[in-house]
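Right, one structure below, let's go through it.
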Amino acid sequence: MPVDHPVILVTGAAGNLGRAILAELDASGAGIVAVDREAAWVEPAVAALPGAARHMARAADLGDPAACVALVAAVLARYGRIDGLAHTVGGFAAAGIDTSDAALFDGMFRLNVLTTVNIVRAVVPPMRDAGRGSIVAIGAGAALKAPAGLAAYAAAKAGVLKIVESVADELKPTGVRINAVLPSIIDTPQNRTAMPDADHAAWVAPATLAATIGFLLGEGGSAITGVSLPVNGRV
């Protein structure tokens with residue numbers, strides 16, 4: 001049944017950033033389609049939201065183009081519209097060049113670049129038909145300046161940025177926007193465990209990054225497209 005509130009697709013919704021985006025969008029009154037690889041991961045995250053009745057949880061493998069098409073079809077069948085996409089799916093790996101073999105580069109490409117291509121290709125047609133829509137992808141500061149040991153990861157995230165730049169230029173006449181955010185270090189339990197002696201207060205809080213993504217998805221960001229926005233905290 002068609003609805004009169006915005007409908008936003010959030011991938012990687014069970015992760016630290018994904019859950020923060022769910023909270024941000026739930027508070028805004030949007031309907032959310034929360035997606036992750038396993039239903040058991042994402043269903044509790046949606047059920048915990050105050051506006052859970054507006055939302056839908058779905059399991060999908062974004063490495064599969066057909067699964068992305070089926071996901072968007074399910075969104076349209078329930079809501080009659082799709083207004084935004086916050087795409088957080090990706091992967092990280094650190095390795096020096098001596099151990100950065102072809103399999104590592106291929107894995108980083110598949111996790112970061114191909115998932116982006118697959119889900120963007122699926123959401124663009126209905127957005128373009130509606131003459132509106134906003135997409136936000138997650139890049140990384142390493143895509144602009146790659147530190148030692150992150151060649152495969154940085155190359156993959158740089159690929160995400162170039163997808164955003166090209167697709168934004170292509171879609172300018174249609175009313176559909178696409179941008180990327182480039183966080184430095186996100187303040188997650190996993191990162192705190194990996195770097196216990198770091199200044200965690202200098203990192204980017206998931207809720208802060210989620211608010212930035214919410215701005216880019218919403219009317220406040222309606223004049224912004226093709227941007228790769230660093231979100232560095234104090235790192």
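Checking the structure you have, find out if any residue of segment 65-82 is under 21 Å from Leu161 (Cα atoms) and not hydrophobic (A, V, I, L, M, F, W, C).
Yes, the conditions are met somewhere in segment 65-82.
Considering only residues of segment 186-218 that are in a helix (DSSP H, G or I) and touching a Gly at 6+ places or on another chain (Cβ under 7 Å), which is farthest from Gly233 (Cα to Cα)?
Leu217
Could you check segment 120-159 and list, in sequence order, the residues that are surrounded by fewer than 17 Cβ atoms within 10 Å (Cβ to Cβ) and either in a helix (DSSP H, G or I) or under 17 Å from the mean Cα position of the chain (by Cα) (or both)?
Residues satisfying the conditions are Arg121, Pro125, Arg128, Asp129, Ala130.
Give segment 80-91 a look and list any residue that's surrounded by 15 or more Cβ atoms within 10 Å (Cβ to Cβ) and over 23 Å from Leu17 (Cβ atoms), or say none.
Arg81
Could you grab me the full set of residues in segment 154-213 that are among the hydroxyl-bearing types (Ser, Thr, Tyr) and touching a His at 6+ places or on another chain (Cβ under 7 Å)?
None - no residue of segment 154-213 is among the hydroxyl-bearing types (Ser, Thr, Tyr) and touching a His at 6+ places or on another chain (Cβ under 7 Å), so the list stays empty.
Any residue that is out of contact with any Ser or Thr (no Cβ under 9 Å at 6 or more places or on another chain), surrounded by 15 or more Cβ atoms within 10 Å (Cβ to Cβ), among the basic types (Lys, Arg) and under 30 Å from Asp26 (Cα atoms) - is there at least one of those in segment 190-208?
no
Please go through segment 92-106 and give me each residue that is surrounded by fewer than 15 Cβ atoms within 10 Å (Cβ to Cβ) and in contact with a helix residue (DSSP H, G or I) (Cβ under 8 Å, 6 or more places away or on another chain), ordered by number.
Ile97 - this is the single residue of segment 92-106 that is surrounded by fewer than 15 Cβ atoms within 10 Å (Cβ to Cβ) and in contact with a helix residue (DSSP H, G or I) (Cβ under 8 Å, 6 or more places away or on another chain).
Suppose the filter is modelled with pLDDT under 95, surrounded by 13 or more Cβ atoms within 10 Å (Cβ to Cβ) and under 18 Å from Gly141 (Cβ atoms); does Ile213 pass it?
So Ile213 does not fit the description; no.
Give, as residue ranges, the strands (runs of 3 or more DSSP E) completely inside segment 1-110 that count at least 3 residues that are at pLDDT below 95, over 30 Å from Ala154 (Cα atoms) and among the hydroxyl-bearing types (Ser, Thr, Tyr). Steps first, answer last, please.
Numbers: elements: 7-11, 31-36, 56-59, 84-87.
No strands (runs of 3 or more DSSP E) qualify here.
Starting from segment 210-229, take each residue that is in contact (Cβ under 8 Å) with a residue 12 or more places away in the chain and list its partners that are of a type in the set (Ser, Thr, Tyr) and part of a loop (DSSP other than H, G, I, E, B), counting only C-beta distances under 9 angstrom and pairs at least six apart or across chains.
Ile213/Thr88
The values are calculated or read from the model by the stated rules, or taken from the named source; none is laboratory data. Fair warning: this is a prediction, and the values are worked out from it, not measured in the lab. Here Cβ is always computed from backbone atoms with ideal geometry, including for glycine, and neighbour counts include all displayed protein chains.
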